[in-house]
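Below is one structure; the comments refer to it alone.
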Amino acid sequence: MRMQFWRDAVEGIYCDNPPHQPIATELWRAVKRHNLTKMWFMKIIDEREKNLDDRAYRNIQELEKYAENTQSALLYLTLEMLGVRDVHADHAASHIGKAQGIVTCLRATPYHCTRQKVFLPMDVCMLHGVSQEDFIRGKQEKNVRDVIYDIASQAHIHLEHVALDDYLCNVRKVDFNIFHPSLQRKSTLLPLHLYIRSWKKTY
């Protein structure tokens, strides 16, 4: 029902008839001001709707597709708002979005496990003989860490981006133990790192 509301809202926005809802009104203004592409909004809605059943991803490709249609789609819209319409920028955004989606899945795993849910790609878990129950119980054996290593490596392939790469480096430091307490702490220096990278134009 909620996804259908937003699907109808986007349709209304592009017909200059947005619903009387604050977020929809602001989206309509942004679409008018920046000529944003409707397709990216619809991809986000469609992908989120597919993901409502709370099941694990069947394989790493399915996780990447979800990330592409959500995280990357948001980056494409951000580029459009900045007036950037360039195939090379879109290519970079695609990789950043996929890496961000994979890292988000990893970072959320301990939280999801406390709620008896595991979303990590099943093909990688099966490859190493790891069950969802192993994650829910917080096991830290080598084969569990190997699952995290494989998934983190896929994110690393896409792009080394400051905030994402920091997390991947921290995972590596604790030998891919996703439940290590240090990974649950927020980086207080992240804003400073982002500022320095921005100032030096090194991303």
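The values are calculated or read from the model by the stated rules, or taken from the named source; none is laboratory data. Here the structure is a predicted model, which is why all the values come from computation and not from measurement. Note that each Cβ is placed from the backbone with ideal geometry, even for glycine, and that neighbours are counted across all protein chains shown. Protein only, heavy atoms only, side chains kept; ligands, DNA and RNA dropped before computing areas. Shrake-Rupley method; radii C 1.70, N 1.55, O 1.52, S 1.80 Å.
Compute the length gained on full extension between Arg55 and Cys15: take 0.36 nm times their separation in residues and subtract their Cα-Cα distance, giving the result in nm to one decimal.
10.9 nm
What nm distance separates the two modelled labels at Ser131 and His88, each placed 7 Å from Cα along Cα→Cβ?
Roughly 5.2 nm, to one decimal.
Counting only protein heavy atoms, what percent of the accessible surface of region 66-135 is carbon or sulfur at a 1.4 Å probe?
61 percent
Using the basic label-point model (7 angstrom from Cα toward the beta carbon), what is the Lys142 to Asp8 distance in nanometres?
Computed distance between label sites Lys142 and Asp8 equals 5.7 nm.
Checking the table Lys65/Lys117; Lys65/Lys139; Lys117/Lys142; Lys65/Lys142; Lys43/Lys142; Lys32/Lys98 against a 32 Å threshold on Cα-Cα, which pairs fail?
Working: Lys65/Lys117 20 Å; Lys65/Lys139 28 Å; Lys117/Lys142 21 Å; Lys65/Lys142 28 Å; Lys43/Lys142 37 Å; Lys32/Lys98 28 Å.
Going by Cα-Cα distance, Lys43/Lys142 fall outside the 32 Å limit.
Quickly rank 143-149, 170-176, 47-53 as a protection proxy: mean count of other C-beta atoms within 10 Å, highest first.
The most tightly packed comes first, giving 143-149, 170-176, 47-53.
For the ranges 84-97, 65-78, what's the packing order if you count other beta-carbon atoms within 10 Å of each residue, average per peptide, and put the highest first?
Averaged packing, sorted descending, gives the order 65-78, 84-97.
How much of the calculated P(r) for region 64-109 lies past 18 Å, in percent of all Cα pairs?
Everything past 18 Å amounts to 26 percent.
Going 7 Å from the Cα of Ile157 along its beta-carbon direction, which residues of region 37-57 have the amide nitrogen within less than 20 Å of the resulting point?
57
Hey, any idea what Rg/Rh is for region 1-109, computing Rh the Kirkwood way over Cα pairs?
Numbers: Rg = 14.8 Å, Rh = 14.8 Å.
Rounded to two decimals, Rg/Rh equals 1.00.
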